[in-house]
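Asker: Questions regarding the structure given below will be posed in turn.
Quick note: the coordinates plus some simple rules give every number you see, no bench work behind them. Fair warning: this is a prediction, and the values are worked out from it, not measured in the lab. Note that each Cβ is placed from the backbone with ideal geometry, even for glycine, and that neighbours are counted across all protein chains shown.
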Amino acid sequence: MSWLRQHAIWIAVWLAASVLGAIVLSSTQLARLREVFEVDMRIAHRLLSQRVVQHDAVLNTLALLQPPAQAVQPELKLPALYPQILAVHRREREANWPDAQERAAETLSRDLRRPVLAGLDLARGRYELVLASEPASFVLLMDLQTVVPWNEWPMAPRTSPVRVVLEHASQTFVLQPGTLHDGGWRFAFSKHLAAESQPFYVVATRQVGWGELPWLWIAAWSLAVAALLAGLRAWQRQREQRRRAEELLRLGQVARLNTLGELAAGMAHELNQPLTAVLANTQAAARLLRDDTPDMETVRTAMDQAAQQARRASEVVGRLRRVVERANPAQLQPMVLQDAVRDALYLLEPEMLRLGLKSRLEAPATPLAVQAEPVALEQIIHNLLMNALQALEQVPQAQRSLHISVAAEGKQGALSVADTGPGMAPEVLARVFEPFFTTREKGLGLGLSLCETLAMGMGGRLVAAHHAPQGALFRLTLPLTVP
Ligand code: ADP
């Protein structure tokens, strides 16, 4: 669940790209299928039109030749040449058509001077074509099924999904059944045959189902996008990790430098007092020696020299002190407390993740700017957080919690770091800011004393307290910048 939330943007991008790809691929496929359908239907229409025009030509030729009824009767040989012509009938001038339909068609044909449809039975695929002429008129009995030149037909009639029918006068003849179903997309084609005598309507329908979309390509595209995004994410994470490692390294270097300074400050503090005492004692001794012994001169010179050495040592110590004095006021600048905390948290994110901790920063929406030296502030916050994490590592995961808050208190900006670790016993609490005081096996005991020195150097304070019901609380206060 949290993985989903963390990667929500990446998942959204992947979904959007997948859907977009699916739309583009599907519409390309649909356009291709439509193109195939339309080309096929244009060919089919042309083939059928050519055939029906041929029927007109056959009738006209018969009328023109007027073969004698008793002679060879070439019209009886026609079905052998044209399989779609089932039979040819003729009516001599004096005779009558057996069927009223043919009679009416002949009259119409005489008026129109062209062949005319009669005896339409599309259910069985039959129709007649009547041409009135002198002295005899002719009728062709046609079979629609064989009208179609199947060897040139652009589709496989039995398996093609396209349904093709011929329509006329509310009758329908199915040339090709096709497969029609619900859902998906429907292409349609309809056009009259190009022969006035047989104005059949060619109606074709093609149903494209969801299954015909290019699912394989869509899946491949979606996978490719996922792989690309995963690569990008990995690259981004790697870069982030490198940046974080570089930052930690830099902070470590600063910390080592400062620790060295703290060490020197401690030494200076320890050396200064005894040296001053040595100086006072030797001076007194020199005075005494001058009163009591004859070889006063030598002793006094020696004592003077000792005193001089002691003074020089004191000066060295003094100089050392001046060197390690940090956070000079000239380097103080406005720093947004919230940002400093967020930066430090960002650096420690992997460590917090390892401990199963979630950082919770409680802060006012408006930025709190304090007077601080950037590196010093960074180091104090980092130290306090590191100490808290080290403390939290000692308790079971369910018990771990880290609460960080930033607030304005009068003219001060305050940062509190509270953990639910083992906390500090009163005797530890009293000494945590002492240089070299540590309860940790590998501890130096300089971290907090350094932080306190740095805080004071910036005109602020650092205090430690018990955090109820369990844990430790450290509070850093720094003067807010005066606008
Ligand atoms: P070090 O970390 O090298 O021990 P520090 O000056 O940072 O030096 O800390 C001094 C001591 O203060 C630690 O050894 C530990 O006993 C105590 N301490 C510091 N922070 C915490 C904390 N968050 N919880 C409990 N004890 C702490």
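Asker: Take the Cα atoms of region 360-409, find their three principal axes, and give me the spread along each one in whole Å, biggest first.
Answerer: 37, 24, 14
Asker: Sticking with this one: Using the Karplus curve 6.51 cos²θ - 1.76 cosθ + 1.60 with θ = phi - 60°, what ³J(HN,Hα) values do you get for each residue of region 241-253, in whole Hz, with x for Gly and Pro?
Answerer: Values, residue by residue: 4, 5, 4, 5, 5, 5, 4, 4, 4, 4, 4, x, 5 Hz.
Asker: Hey, another quick one. First select every other residue whose beta carbon is under 15 angstrom from the beta carbon of Gln394; then total the charges, Lys and Arg +1, Asp and Glu -1.
Answerer: So the surrounding residues net to 0.
Asker: Quick check: from the Cα gyration tensor, does region 88-245 come out rounded (a/c under 1.5), prolate or oblate?
Answerer: It comes out prolate by the Cα gyration axes.
Asker: Taking H as built 1.01 Å from N, whose amide H comes closer than 5 Å to the amide H of Gly445, not counting residues under 5 places away?
Answerer: none
Asker: Something else about it: For region 1-48, what is the charge dipole size about the Cα centre, in debye to the nearest 20, if Lys and Arg each add +1 at the Cβ and Asp and Glu each add -1 at the Cβ?
Answerer: 40
Asker: Can you list the GluC sites (Glu not before Pro) in region 177-263 that are in a DSSP coil and have 15 or fewer other beta carbons within 10 angstrom?
Answerer: Glu196
Asker: Net charge near Gly125: determine it from the other residues with C-beta under 14 Å of the C-beta of Gly125, scoring Lys and Arg +1 and Asp and Glu -1.
Answerer: Every neighbour counted, the sum reads -1.
Asker: Could I ask something else about it? Going toward the positive end of the dipole of region 39-195, with +1 on Lys and Arg Cβ and -1 on Asp and Glu Cβ, which of Val58, Leu120, Gly178 do you reach last?
Answerer: Gly178
Asker: What's the magnitude of the charge dipole for region 84-222 around its Cα centre, counting Lys and Arg as +1 and Asp and Glu as -1 at the beta-carbon? Answer in Debye, nearest 20.
Answerer: In total the dipole reaches around 240 debye.
Asker: Return the loop-located trypsin sites (Lys or Arg not before Pro) in region 70-141 (DSSP other than H, G, I, E, B) with at most 14 other Cβ atoms within 10 Å of their own Cβ; answer none if there are none.
Answerer: Taking region 70-141 and a limit of 14 other Cβ atoms within 10 Å, the loop trypsin sites (Lys or Arg not before Pro) found are Arg93, Arg113, Arg124.
Asker: I want the local charge near Gln207. Using Cβ-Cβ distances under 10 Å, sum +1 for each Lys or Arg and -1 for each Asp or Glu among the other residues.
Answerer: My count for the surroundings of Gln207 gives +1.
Asker: Then there is this: Which peptide among 448-456, 397-405 comes first, and what is the full order, when sorted by highest mean count of other Cβ atoms within 10 Å?
Answerer: Result, highest mean first: 448-456, 397-405.
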